[in-house]
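Worksheet: one structure, shown below.
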Amino acid sequence: MKDEVTSTEERRENLKGMGCARKRVEDVRFTQGKGNYVDDIKMDGMLFGDFVRSPYAHARVTSINKEAALAIPGVVAVLTAEDLAPLGLHWMPTLAGDKQMVLADGKVLFQGQEVAFVVANDRYAASDGVEAVEVDYEDLPVVTDPFKALEPDAPVLREDLEGQTEGAHGPRKHHNHIFTWEQGDEAATEQVMSTADVVAEEMVYYHRTHPNPLETCGCVASMDKVTGKLTLYGTFQAPHAIRTIVSLISSIPEHKIRVVSPDIGGGFGNKVGAYSGYVCSVVASIVTGKPVKWVEDKMDNLMSTAFARDYWMKGKIAATKEGKITGLHCHVIGDHGGFDACADPTKFPAGFFNICTGSYDIPTAYLSVDGVYTNKAPGGVAYRCSFRVTEAAYFIERMIEVLAIKLDMDSAELRRINFIKKEQFPYQSALGWEYDSGDYHTAWDKALEAVDYKALRAEQAQRIEDFKAGKTRKLMGVGLSFFTEIVGAGPVKNCDILGLGMFDSCEIRIHPTGSAIARLGTISQGQGHATAFAQIIASEIGIPADDITLEEGDTDTAPYGLGTYGSRSMPVAGAATAMASRKIKAKAQMIAAYLLEVHDDDVEFDVDRFAVKGNPERFKTMKEIAFAAYNQAIPGVEPGLEAVSYYDPPNMTYPFGAYICVMELDVDTGEHEIRKFYALDDCGTRVNPMIIEGQVHGGATEGYAIAMGQEIAYDEMGNHKTATLMDFFVPTAMETPTYQTDFTVTPSPHHPIGAKGVGESPNVGSVPAFSNAVHDAFRAFGLVQSHMPHDHWRVWRIADELGLHG
Ligand code: MCN
Ligand code: CUM
């Protein structure tokens with residue numbers, strides 16, 4: 001028999017289980033144009049919707065005239081807030097406990113805001129209809145600066161909230177104020193600051209940007225008037241949550257709603273929230289009885305859907321003369337735009353920003369965050385951000401550099417002496433987190449050695465001399481970054497989205513012939529779930545990954561789950577996958593024991609089979625066991641072989657990493673060259689190293705874009721200045737650096753397979769590395785702090801201000 005001559009190692013390799021750099025099974029379809037995205041969905045009689053959008057950032061809508069639009073051949077309907085009001089759908093709840101206009105209700109609050117929804121037989125007629133709708137606006141004073149928004153005489157943006165002194169997250173201090181969120185011990189922190197040897201203080205701004213997925217947001221709503229069932233296809237990162245929200249706001253019973261996320265062309269947090277397009281498409285389908293498709297164009301997407309960041313972070317960091325950090329103080333002004341639509345867990349209005357003590361053992365800290373309304377698009381929590389961990393990591397990694405300057409110390413050394421030590425885990429942070437595990441010193445040493453840090457510093461010193469001697473016009477920066485992520489939301493007791501606890505799920509069915517299907521509550525947007533999650537099952541149950549189909553995204557078939565964002569799929573659904581597998585394995589053990597005529601305890605699992613203990617040649621393969629589950633009447637054991645697990649994690653996971661960027665900067669042109677980018681990630685047990693590497697390349701490239709050129713910018717009138725790809729920087733293969741990836745493995749102690757998330761780590765870790773490299777290049781010439789993005793012009797200006805242009 002073949003099995004008997006096959007070695008354990010060969011049998012293990014045959015499974016392509018955990019640790020295998022298995023090629024992505026999804027790519028067979030994607031590389032052959034066989035993906036099925038929202039815009040590929042075509043239905044009989046399908047109509048198309050498009051939005052009339054506001055040209056003004058702040059204006060009163062005095063009248064809307066639909067007549068000319070309705071006269072255009074092919075235009076079927078024009079919806080306005082007035083039409084939605086009787087249904088109570090002219091406003092919708094946001095994930096942040098605020099509410100948001102679905103269509104302009106009396107006024108508009110940002111340029112590009114949805115004013116009317118034109119429905120037509122085809123896309124072109126819809127577009128013509130949009131042109132023909134006549135809207136009269138009366139412009140109002142615009143506020144794009146969150147500091148000015150808080151001045152006493154600033155215009156009232158949210159008239160609907162006027163006089164309300166309580167918001168969703170406590171008291172409101174001003175008519176444009178949303179919330180104050182405080183963590184830590186203020187008095188103790190002030191005390192540390194006032195007595196410290198050294199205090200460094202700086203304003204760190206993480207500018208507004210946008211995740212800009214290749215595929216924009218869209219949906220197809222189809223109301224079947226005969227069955228009363230609504231089917232909603234869309235680019236949803238959380239299909240089940242969307243189903244529940246649609247049911248709650250539309251009063252359609254939840255079992256009469258099927259939400260399907262087909263293939264998604266990148267989500268990056270842009271596709272977590274609910275948008276006007278979804279609501280209007282559903283209403284239009286109910287009204288017309290026909291399927292209605294809405295898909296944004298690139299400008300729509302960049303102007304109106306979830307942006308990222310826009311955090312003004314004022315920091316104070318205290319230390320001893322020797323560089324031991326004693327305290328951290330942080331105050332944030334968060335620009336949330338016209339509505340608070342941050343996609344955070346309910347109890348966290350500033351996300352997990354309170355991980356801003358980073359990887360350091362900082363005994364005392366205080367944080368307060370003020371959310372502010374401005375005349376800009378809503379959002380803020382997107383773009384591989386792990387709920388604002390990106391901002392937190394940028395803040396602390398800049399503050400470390402600023403402190404190093406103040407102490408006249410090497411910042412690599414400053415980090416080393418302040419890292420949380422391996423033996424301190426689980427570590428309780430001053431701002432409220434329990435870090436599950438970590439080994440920062442090992443990772444840091446490995447990283448510094450890999451780039452030959454000492455040699456880099458020697459080279460840099462020489463370069464500075466050469467520059468001063470007029471021998472070169474190029475400076476060199478070494479950008480250091482050490483980050484701690486927090487992913488895997490999250491314990492149901494702490495984390496919910498609109499009241500839905502953030503567990504996740506996996507259901508596995510083994511077929512009689514030993515192959516399987518698994519369904520998860522998450523949804524891939526390019527992360528390769530179908531490949532990676534099958535590998536967990538393969539290792540846990542002993543069925544080859546190639547024999548396992550993985551399905552996500554259809555609420556009619558998938559078990560309830562909270563979806564994919566916050567790098568939670570591996571930490572939460574990955575755990576559910578392992579737990580469901582173990583239930584199957586336990587039943588398989590009973591079946592094997594029955595077939596082998598021994599006691600349950602006398603068989604043991606061996607890669608792809610159960611064998612009699614001490615007698616390995618007596619065994620039943622998982623294939624045989626699967627068949628027996630369906631064909632043998634086993635006393636006390638139900639037929640079939642399937643299991644489901646809903647997993648509520650006991651804690652989040654804390655991946656970390658060390659990123660180092662070596663950059664050359666041309667002082668006269670402001671141009672940069674990334675000479676080296678080294679990225680060491682520790683995401684615990686690595687399920688698919690190749691996917692992890694792909695995630696790191698992608699995330700670091702996004703980080704490169706953000707740090708070196710990408711921004712969402714407005715002028716003082718609130719005009720969006722970067723709504724096309726001509727203005728919004730997206731790196732191509734030309735600009736993208738070459739990455740050197742590396743890893744250490746510190747398993748999560750509470751995750752069944754020890755895995756932590758990784759999807760967002762490279763964005764969290766790389767932005768400070770790029771930015772610190774720019775700062776580091778100019779450190780010797782007196783630069784302390786300058787704001788991103790470090791595009792050519794801004795770098796040139798730094799050089800100019802430092803007097804380097806002679
Ligand atoms: N992985 C692994 N071993 C680990 C951890 C992860 O092999 N220890 C693999 C996973 O199996 C998965 C991938 O790495 O296929 C990412 O897993 P995880 O870190 O759990 O992140 P999620 O799957 O939850 O993805 C979400 C994350 C987020 S929040 C953003 S934003 C982002 C990101 O993923 N959006 C992406 N990466 C993206 N990549 C692509 N291509 N497209 C997006 O929209
Ligand atoms: Cu914050 S972007 Mo991702 O969580 O989808």
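The values are calculated or read from the model by the stated rules, or taken from the named source; none is laboratory data. Quantities reported herein were computed from a predicted structural model and do not represent experimental measurements. Here the Cβ positions follow ideal geometry from the backbone for every residue, glycine too, while neighbour counts run over all protein chains shown. Calculation scope for accessible area: heavy atoms of the full protein, side chains included, ligands and nucleic acids excluded. Shrake-Rupley method; radii C 1.70, N 1.55, O 1.52, S 1.80 Å.
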What ranking do 386-395, 550-559, 346-355 get when scored by the average of other Cβ atoms within 10 Å per residue, highest first?
-> 386-395, 346-355, 550-559
Got a sec? Charge dipole of the chain, +1 on Cβ for Lys and Arg, -1 for Asp and Glu; which of ALA558, TRP796, GLY327 is way out at the positive end?
-> ALA558
Set the Förster radius R0 to 60 Å, insert the Cβ-Cβ distance between GLU138 and ASN14 as r into 1/(1 + (r/R0)^6), and round the FRET efficiency to 0.05.
-> 0.25
What distance in nm separates the simple spin-label points at MET726 and GLU151, each placed 7 Å from Cα in the Cβ direction?
-> 3.4
Can you give the accessible area of THR621 in Å² (nearest 10), computed on protein heavy atoms with a 1.4 Å probe?
-> 20
Relative contact order for the chain, counting Cα pairs under 8 Å that sit 6 or more residues apart, in percent | 15
Once the piece of chain linking GLU604 and ASP160 is laid out straight, how much longer is it, given 0.36 nm per residue of separation minus the C-alpha distance between them?
-> 153.3 nm
Can you pull the Kirkwood radius for the range 373-460, inverse mean 1/r over Cα pairs, to one decimal in Å?
-> 15.8
Which value, in debye to the nearest 20, describes the size of the charge dipole of the range 1-152 about its Cα centre when Lys and Arg Cβ atoms bear +1, Asp and Glu Cβ atoms bear -1, and nothing else is charged?
-> 740
If you take the beta carbon distance between ARG473 and LYS298 as r and set R0 to 45 Å, what does 1/(1 + (r/R0)^6) give as a FRET efficiency, to the nearest 0.05?
-> 0.75
Average accessible area per residue (Å²) across the chain - probe 1.4 Å, nucleic acids and ligands excluded = 36
Rounded D (µm²/s) - the chain, Kirkwood Rh over Cα pairs, Stokes-Einstein at 10 °C, 1.306 mPa s = 57
C-alpha center-to-center spacing [the range 138-155, the range 384-440] in angstrom | 36
Points 7 angstrom from Cα along the Cβ direction at ASP668 and MET690: gap in nanometres?
-> 4.7
By the mean-Cβ-within-10 Å protection proxy, highest first, 561-571, 229-239, 90-100 rank as 561-571, 229-239, 90-100
With label points built 7 Å along Cα→Cβ from the Cα atoms of VAL637 and ALA187, find their separation and express it in nm.
-> 6.4
For the chain, whose charge dipole is built from +1 on Lys and Arg Cβ atoms and -1 on Asp and Glu Cβ atoms, the candidate among ILE508, TRP294, ALA196 with its Cα farthest towards the positive end is ILE508
Partner lysines for LYS583 [C-alpha distance under 26 Å; skip if fewer than 8 residues away on the same chain] = LYS16, LYS493, LYS613, LYS620, LYS623, LYS756
With +1 on the Cβ of every Lys and Arg and -1 on the Cβ of every Asp and Glu, the dipole magnitude of the chain about its Cα centre, in debye rounded to the nearest 20, is 960
Using r as the Cβ-Cβ distance of ASP800 and ASP40, and R0 as 60 Å, what FRET efficiency do you calculate, to the nearest 0.05?
-> 0.75
Going residue by residue through the range 572-584, the Karplus relation 6.51 cos²θ - 1.76 cosθ + 1.60 with θ = phi - 60° gives ³J(HN,Hα) values, rounded to whole Hz and with x marking Gly or Pro, of 9, 5, x, 5, 4, 5, 5, 5, 5, 4, 5, 5, 5
Please report how far the C-alpha centroid of the range 780-806 lies from that of the range 595-656, rounded to the nearest whole angstrom.
-> 63
Picking from LEU157, GLY266, HIS174, whose Cα lies most toward the positive end of the charge dipole for the range 146-285 (charges on Cβ: Lys, Arg +1; Asp, Glu -1)?
-> GLY266
So ALA450 and GLU617, fully extended at 0.36 nm per residue minus their Cα-Cα distance, gain in nm 55.4 nm
Taking the mean number of other Cβ atoms within 10 Å as a proxy for protection, how do you rank 528-538, 50-60 from highest to lowest?
-> 528-538, 50-60
Note to self: C-alpha centroids of the range 510-543 and the range 189-216 sit apart, in Å, by 40
Heavy-atom accessible surface of the chain: percent carbon and sulfur, 1.4 Å = 52
With +1 on each Lys and Arg Cβ and -1 on each Asp and Glu Cβ, how big is the dipole of the range 38-120 about its Cα centre, in debye rounded to the nearest 20?
-> 300
